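Report on the structure given below.
The values are calculated or read from the model by the stated rules, or taken from the named source; none is laboratory data. Note that the structure is a prediction, hence the values are computed from the model and not measured. Cβ sites come from the backbone with ideal geometry, for glycine too, and all protein chains shown count toward neighbours.
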Amino acid sequence: MEAIKAEDLYSIVSLGNLQANGQTAVLARNQAKADGSGYWNWLDLFENGQLKHLTTLGQEKSYALVNQAVYYTLQEGKDKSLLYRQEFDQASPVKVAAFNEAGYQVVSSVKDRYLLLSRRTDLAEGKSADYQVLDELPYYFNGQGYINKLRDRLYVWDLEEAKLTETFKDDPNFTVMETFAAGEKVYVVGASYQTRRPFDGGIYELDPKTGKGKQLLAAGKAEVAALFALKDQVYCFANTHQKTGLNENPEFYRLTEDGLELAAHWDNSGQSAIAGDCSVIAGNSFDVYDDKFYFVTTIVDHDEIHVFDGKEVKPFFATDGIIKGFRLTGEDEFLLEAAFANQLLEFYQVKKGQVKKLSSYNDAALAGKYVAKVKQVEYESSEDGTQHGWVFLPKDYQAGQKYPAILDVHGGPRATYSPAFFHEMQVWAGSGYFVFFCNIHGSNGQGNQYGDLRGRYGTVDYEDLMKFAGAVLAAYPDIDQSRLGITGGSYGGFMTNWVIGHTDRFKAAASQRSISNWLSFEHMSDIAPEFCVDQVGASEDDDPEKVWFHSPLKYVNNVKTPTLFLNSDEDHRCPAEEGMQMFHALLSHGVESRMVVFHGENHELSRSGRPKNRLQRLKELNRWFDAHLAPAAE
């Protein structure tokens, strides 16, 4: 068998944005361009039990399914958007309308008559290409760049009257955060602001014919995951931040004239929380069918679908991996985009619990390749009883020989690792490494209490990580303890920075898009200061010593581990300056370090960055670990 290579990411197909109309469905398909500059995005059709290609232009990702056609937009030049309709039985699309502004994107459809379209507008006057004026918060956002004075507007295209209507037209400062089409109704989460955008938007019911919105809940009350109606009652699946802060999981509320009224408790995620590097486009995590709300949730280390009937939540379907999207097609029938254990995303049909694979998108990508299978290892956590993680054995493993190993820490911290295929870890296993990973305290999937790290970063989570590492080394004596590496991104980057300041057991480290100094992060990240104050439990104003205590930079005098830093210059979530501080400090203290900054990339580099940069990132990691850990078995 051949080893999985870094270059194989070009062969991996990503799926998402599944929509259905009865037994007919459309899904988005994504694959890297051969030159590494970006991705092709097409739409595929599932009809009469058969799956086939529907569109061919390679730019069709955001769309709406209406009867026997899909609608999507394409951009023409710098100042025009074109709306197209692609009939199922036609080979090419037909232009429906031309809009004299760029940036229109199809969001969804309502009653098979209206299309909802979004477009970003700019309120600033006299802008210059030579400088940027900032006078509101947030002024930049990850993946979007500078957003000062930008507002996301919502429009309605009437298919019968061929008419475009702007919603919330009387308030140019209004920005739309989320849109939910629920049967014949439309619900919008948004807010009007001039200086500082509220963290949680208000809820509005929108009349698609007039474009008028009626406020149902004021801004600042809840972070909305979904809005839907069951038997004419409007429900809100939302996080009110009352139990465990910003990272709290959503619960079910009835939306009444008096506000939110709890309808059912829920203690886990309202979508997949599983981390991965093989999915580029967005999926869909809920559906309404027969007056029931179905949603994806992560339970411990895998995704399930649960159902809420207005009174209680019950399990409906479980995988051993990732659910990217699903759509109900009958009482106990649905279509599914999923990656089961040790596999990549594929398209499935499920009837009465029986799963039938309908696609072979990724069969060729893994054909003849060594795919390491997860080996479970249990450990006793510091506070939460018996937990488990996994180990990948190196390709051509032979008992009695010694091998290097890499510990991989997920981001979040409210993300979760699962047994599903993870490209970079498979590359390392194919190169002769043991690879091990787990879900330490702070991860999602085990309730709000387990996931709550507020004010405890670097304490219980670090203890759990070291306990897991110890359990793996005890279970696999063929791991050479003098050749251990550690890496992680985002929160995993924070933890990598923290680990090297608190132990010398790792011979090499790679810190990716990390946090090193909460004092600077509080005023630099696009989600700060709310996130910093909430998670650290203090701000520099009221308790700077506590903020500094949880900062890995405080412990840089202890670091002896050679460390690679990987960052992106358009990462506004964990800005490159965070990695630079740690890198600068290590070099100043004589510790071997290297930093690579990717131009034009953001926080999503490892997941949806340009393929050529994703490949280069993985090559940098491989070279660093190979140089310091010597991958070949002795």
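Miscellaneous remarks
- Count - residues of the stretch 451-470 that are over 19 Å from residue 551 (Cβ atoms) and surrounded by 23 or more Cβ atoms within 10 Å (Cβ to Cβ): 4
- On the stretch given as the stretch 575-629, residues that are within 28 Å of residue 10 (Cβ to Cβ) and assigned to a loop (DSSP other than H, G, I, E, B) total 8.
- Of the residues making up the stretch 438-447, those that are out of contact with any helix residue (DSSP H, G or I) (no Cβ under 7 Å at 6 or more places or on another chain) and surrounded by 19 or more Cβ atoms within 10 Å (Cβ to Cβ) number 3.
- Those strands (runs of 3 or more DSSP E) lying entirely in the stretch 1-78 with at least 2 residues without any contact (Cβ under 8 Å) to a residue 60 or more places away in the chain: 24-32, 39-47, 50-53, 64-66, 69-75
- Pick from the stretch 523-540, criterion modelled with pLDDT of 95 or more and acidic (Asp, Glu), ranking: nearest to the chain's Cα centre (by Cα): 526
- Long-range neighbours under 8 Å by Cβ, at least six apart or interchain, first residue more than 11 Å from residue 343 (Cα to Cα) within the stretch 356-370, second among the β-branched types (Val, Ile, Thr): 356/350; 361/13; 369/4; 370/4
- Which listed residue, of 430, 389, 442, is in contact with a Cys (Cβ under 9 Å, 6 or more places away or on another chain) and in contact (Cβ under 8 Å) with a residue 12 or more places away in the chain: 389
- Residue-level check: of (1) assigned to a loop (DSSP other than H, G, I, E, B); (2) touching a strand residue (DSSP E or B) at 6+ places or on another chain (Cβ under 8 Å), residue 194 misses just (2).
- Search result, residues across the stretch 375-385 that are more than 22 Å from residue 428 (Cα to Cα) and either in contact with a Gly (Cβ under 8 Å, 6 or more places away or on another chain) or in a loop (DSSP other than H, G, I, E, B) (or both): 379, 381, 382, 383, 384, 385
- Qualifying residues in the stretch 151-185 (those that are under 19 Å from residue 202 (Cβ atoms), aliphatic (A, V, I, L, M) and out of contact with any Gly (no Cβ under 9 Å at 6 or more places or on another chain)) - the one modelled with the highest pLDDT: 181
- Checking each residue in the stretch 110-147 for being surrounded by 19 or more Cβ atoms within 10 Å (Cβ to Cβ) and more than 24 Å from the chain's Cα centre (by Cα) picks out 110, 114, 115.
- Highlighted here would be strands (runs of 3 or more DSSP E) found entirely within the stretch 284-337 that include at least 2 residues which are among the small types (Gly, Ala, Ser), closer than 19 Å to residue 421 by Cβ and free of Cβ contacts under 8 Å to residues at least 60 places away in the same chain, but there are none.
- Restricting the stretch 505-532 to residues that are closer than 18 Å to residue 454 by Cβ and either in contact with a Leu (Cβ under 8 Å, 6 or more places away or on another chain) or among the aromatic types (Phe, Trp, Tyr) (or both), the residue that is surrounded by the fewest Cβ atoms within 10 Å (Cβ to Cβ): 530
- Sole residue being charged (D, E, K, R), over 30 Å from residue 51 (Cα atoms) and touching a His at 6+ places or on another chain (Cβ under 9 Å), chosen from 384, 396, 408: 384
- Residues being within 26 Å of residue 481 (Cα to Cα) and surrounded by fewer than 19 Cβ atoms within 10 Å (Cβ to Cβ) are entirely absent from the stretch 564-579.
- Of 372, 399, all but one fail to be of a type in the set (A, V, I, L, M), touching a helix residue (DSSP H, G or I) at 6+ places or on another chain (Cβ under 7 Å), in a loop (DSSP other than H, G, I, E, B) and closer than 28 Å to residue 464 by Cα; the exception is 372.
- Residue check for residue 507: in contact (Cβ under 8 Å) with a residue 40 or more places away in the chain and under 29 Å from the mean Cα position of the chain (by Cα): no
- Of 623, 573, 610, 617, all but one fail to be over 24 Å from residue 35 (Cβ atoms) and of a type in the set (Lys, Arg); the exception is 573.
- Checking each residue of the stretch 190-201 against the condition of being of a type outside the set (D, E, K, R), touching a residue at least 24 places away in the same chain (Cβ under 8 Å), surrounded by fewer than 16 Cβ atoms within 10 Å (Cβ to Cβ) and under 17 Å from residue 287 (Cα atoms) gives no match.
- Residues of the stretch 48-68 satisfying the condition of being under 16 Å from residue 157 (Cβ atoms) and surrounded by fewer than 18 Cβ atoms within 10 Å (Cβ to Cβ): 67
- Residue in the stretch 567-574 that is more than 21 Å from residue 459 (Cα to Cα), out of contact with any Gly (no Cβ under 6 Å at 6 or more places or on another chain) and in a helix (DSSP H, G or I) present: no
- Odd one out for residue 43, checked against (1) modelled with pLDDT of 95 or more; (2) in contact with a Phe, Trp or Tyr (Cβ under 7 Å, 6 or more places away or on another chain); (3) of a type in the set (A, V, I, L, M, F, W, C); (4) closer than 24 Å to residue 425 by Cα: (4)
- Residue 347 passes every criterion in (1) crowded, with 17+ Cβ neighbours inside 10 Å; (2) modelled with pLDDT under 95; (3) not aliphatic (A, V, I, L, M) apart from (2).
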